[in-house]
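The values are calculated or read from the model by the stated rules, or taken from the named source; none is laboratory data. No experiment lies behind these values; they were computed from the predicted model shown. Note: ideal-geometry Cβ built from the backbone for every residue, glycine included; neighbour counts use all protein chains shown.
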Amino acid sequence: MKEYKSVGKGTIIRTIVLLIAIANQVVACLGATSFASASWYQVLSVIVTAATALWTAWQNNDWTYFARIGTGVLDALQDGKITVDEVKAILDKHNKE
């Protein structure tokens, strides 16, 4: 059975890349670059930051335990390991309690 206790590597990597892009954006905005033409660097930095932010937001970043469980249920549904009726039965049982 899949372990759901820790955050996935992809989530951590995307977050680190985003933080690096944001830090780079701050450096570019403050003009702390050694490039002769800093304007192209600022434009490139904005593009990289925006692309990284979109990539990070698009991916499923399961930070909480319950989010990871939900992804596991979705994966099991997609793999045919459980059926929609089984999930509905579990939810119905939970909602009656």
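Computed values, structure above
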read-out	value
Every residue from region 57-86 that is free of Cβ contacts under 8 Å to residues at least 24 places away in the same chain and β-branched (Val, Ile, Thr)	Thr64, Thr71, Val73, Ile82, Thr83, Val84
Filter result (in contact with a helix residue (DSSP H, G or I) (Cβ under 7 Å, 6 or more places away or on another chain) and either of a type in the set (Phe, Trp, Tyr) or at pLDDT below 85 (or both)) within region 6-28	Asn24, Gln25, Ala28
Thr33 being modelled with pLDDT under 85, hydroxyl-bearing (Ser, Thr, Tyr), in contact with a Lys or Arg (Cβ under 8 Å, 6 or more places away or on another chain) and surrounded by 14 or more Cβ atoms within 10 Å (Cβ to Cβ)	no
